[in-house]
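Following: one structure in structure tokens, then a few remarks.
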Amino acid sequence: MNALLAVEFPTEYSEVMLLGFQVFLIGIATVFSVLILIWGILSLFKLFFGTKAPKENKPVISEVSSAVTVSSAQDEIVAAIAAAIAFAEEEAPGMKFRVVSFKKR
Amino acid sequence: MLDSILEFLATTGVAKLFGSGDFVMIAQYLTMYVIIGALLYLAIVKKFEPLLLMPIAFGMLLANLPGAELIHLDFFFDNYYLEVTADGSIIGTLSTSVQMFLNQIAADPSLSGLVEVVAATDSSAGVINIADAAFENESFMEIFNTFLGDAMYVDKGAVHIKMSAMISEVINHGGLIDLLYLGVKLGIYPSLIFMGVGAMTDFSPLIANPKSLLMGAGAQLGVFAAFLGALAIGYTPLEAGAIGIIGGADGPTAILVTKTLAPHLLGAIAIAAYSYMALIPIIQPPFMRLLTTEKERKIKMSNLRPVSQTEKVLFPIIVTIVVCFVIPDAAALVGFLMLGNLFNVSGVTERLSKTAQNELCNIVTICLGVSVGATANAEDFLDFKTLGIIALGLVAFIISTCGGLITAKIMCWVTKGKINPLIGSAGVSAVPMAARVAQDEGRKADPSNFLLMHAMGPNVAGVIGSAVAAGVFLSFFA
């Protein structure tokens, strides 16, 4: 039987809860299945298109030419200082600070 | 002159509210103003999700100005067009057509028994039942199409109001917010916002560490648990689905599911979803500390590998194909999320990417916020269902957080301590707030710990996971 302007669902409490458990199980299983499928595909990405992670304690910039290295390193320092200042201002608005010294290492 | 002044005074909002003498209504309106004030306070002073809470709160204010009538929610509900009352009579804008249809059916003896009018009762709405065989009967379908075909259609065992009938009503008799609300009703805004989110999101941490997807999946536990809880305390399956999706911690997804399954709850669900997303830094940390040990919180994760341009470009295309082939109902969300991301990573559509991230996303956010807020009118918003939604929404958020944490703990155990379980809590969407909370908690345990990029993996996986969960509800109930 169709209903004009209505969607038919079970009305008995036990039937409603049965429907609920079905949706719960199918839903969780579907979410995990789809995301695991994507995981599998992304793992294949690594094999075909991936690049290796940089080894720790070994600066990547050492392989770049010296002129670029200086520029890149300076950019990174400036970026790091700017990010630290922005973060500090966000964490404690109104906080005042001054640069005491720069040391060349 | 005096009459003119009195007539004018009678049109004011003050007269309409206080002159009615209906103290319940007055109390409802005043309560709504308190709630609106609280939401505006959270948005402006506390800066909790201001980009959305502010338009939502102001939309609520616009919808609760006595006499302004900026939105006519009736236009978007079936019973505006047709309702069977307790005495079996038919009312609504289509009542004449429906009555003529019933008269024609009754006049044809060969169609007897195919249609039955069931009056409304205290516990259920009235309906007009039509036997399945009727839709295979040529005479019946001819009468149906003659009298109701312009405004109704048959789909999945039920007769529905055509969108064209609603749009016609809005254009002929609606106002500004009615027009804006069409973007919600047609599912336009959530998809466009998802496109902006996709353009803003860097999926590299997820591509570099695809295991994160498991945490995004685990964090959807709250969605289905809240759905089950809502069913258990008496919400309908459609309402329960809309309430459950609050646990996905994703505003556009919650709005898309709710406008489809339970549009009458849209205001309450949108407000609950965005409020809890804003409160993530308060809701999550106690459960993060409860479910992890000090030692686990101090785990430092190894650097993520760099992701190539080819991987970044292939990712949105492949995710769209995989997700939408399995759950076609998720296409409106996942498809647009990935389109926005492709604009960003392809390197050849910078203008489109910037538009999706900025102007378009901002315009749509205003339209969405105002029109969703405007659905929360005093009469419908202030009832026990809203309280239930707020409670179940919180439960959904907590269970989702715990689901992500437990999944991450299992992965920590399997990988022999290579994964910090804190990042599991970021599996709820709420990008990037949830990832920031994981970073902050990790730093509290060890100030030199840096988990943000690691937490972004499960965080963006949560966006995909909640869209899939939404697709599941839509495919079951829409």
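A few points about this structure:
- Filter pass, B:Leu238 being within 9 Å of chain A (Cβ to nearest Cβ), touching a Leu at 6+ places or on another chain (Cβ under 9 Å), within 30 Å of B:Ile105 (Cβ to Cβ) and part of a helix (DSSP H, G or I): yes
- Looking only at residues of the range B:286-319 that are away from chain A (no Cβ under 12 Å) and among the hydroxyl-bearing types (Ser, Thr, Tyr), we find that the one that is nearest to A:Leu42 (Cα to Cα) is B:Thr292.
- Among the conditions (1) modelled with pLDDT under 90; (2) under 30 Å from B:Leu182 (Cα atoms); (3) not in a helix (DSSP H, G or I), B:Asn79 misses just one, which is (3).
- Members of the range B:48-106 found to be more than 19 Å from B:Ala262 (Cβ to Cβ) and of a type in the set (Val, Ile, Thr), listed by number: B:Val84, B:Thr85, B:Ile90, B:Ile91, B:Thr93, B:Thr96, B:Val98, B:Ile105
- When we screen B:Ala376, B:Ala434 for residues that are closer than 24 Å to B:Leu221 by Cβ and either under 25 Å from the mean Cα position of the chain (by Cα) or buried (at least 24 other Cβ atoms within 10 Å of the Cβ) (or both), the only hit is B:Ala434.
- Just one of the listed residues (B:Leu333, B:Leu342, B:Leu337, B:Leu360) is surrounded by fewer than 19 Cβ atoms within 10 Å (Cβ to Cβ), in the same structural domain as B:Ile255 (by TED's automatic domain parsing), of a type outside the set (Ser, Thr, Tyr) and in a helix (DSSP H, G or I), namely B:Leu360.
- Note on the range A:37-48: residues that are hydrophobic (A, V, I, L, M, F, W, C) and facing chain B (nearest Cβ under 7 Å) total 6.
- In the range B:50-69, the residues that are surrounded by fewer than 24 Cβ atoms within 10 Å (Cβ to Cβ) form Cβ pairs under 6 Å with partners that are part of a loop (DSSP other than H, G, I, E, B) and hydrophobic (A, V, I, L, M, F, W, C), at six or more places apart or across chains, as follows: B:Leu62/B:Leu70; B:Leu62/B:Ala374.
- Helices (runs of 4 or more DSSP H) (entirely within the range B:251-303) containing at least 2 residues that are among the basic types (Lys, Arg): B:294-297
Residue by residue, here is whether (1) assigned by TED's automatic domain parsing to the domain that holds B:Ala426; (2) free of Cβ contacts under 8 Å to residues at least 40 places away in the same chain; (3) surrounded by fewer than 22 Cβ atoms within 10 Å (Cβ to Cβ) holds:
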site: B:Met277; (1), (2), (3): yes, no, no
site: B:Arg289; (1), (2), (3): yes, no, yes
site: B:Thr292; (1), (2), (3): yes, no, no
site: B:Phe315; (1), (2), (3): yes, no, no
site: B:Ser346; (1), (2), (3): yes, yes, yes
site: B:Glu350; (1), (2), (3): yes, yes, yes
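The values are calculated or read from the model by the stated rules, or taken from the named source; none is laboratory data. Computed from a predicted model, the values in this text were never measured in an experiment. Methodologically, a virtual Cβ is constructed for each residue, glycine included, from the backbone with ideal geometry; neighbour enumeration extends over all protein chains shown.
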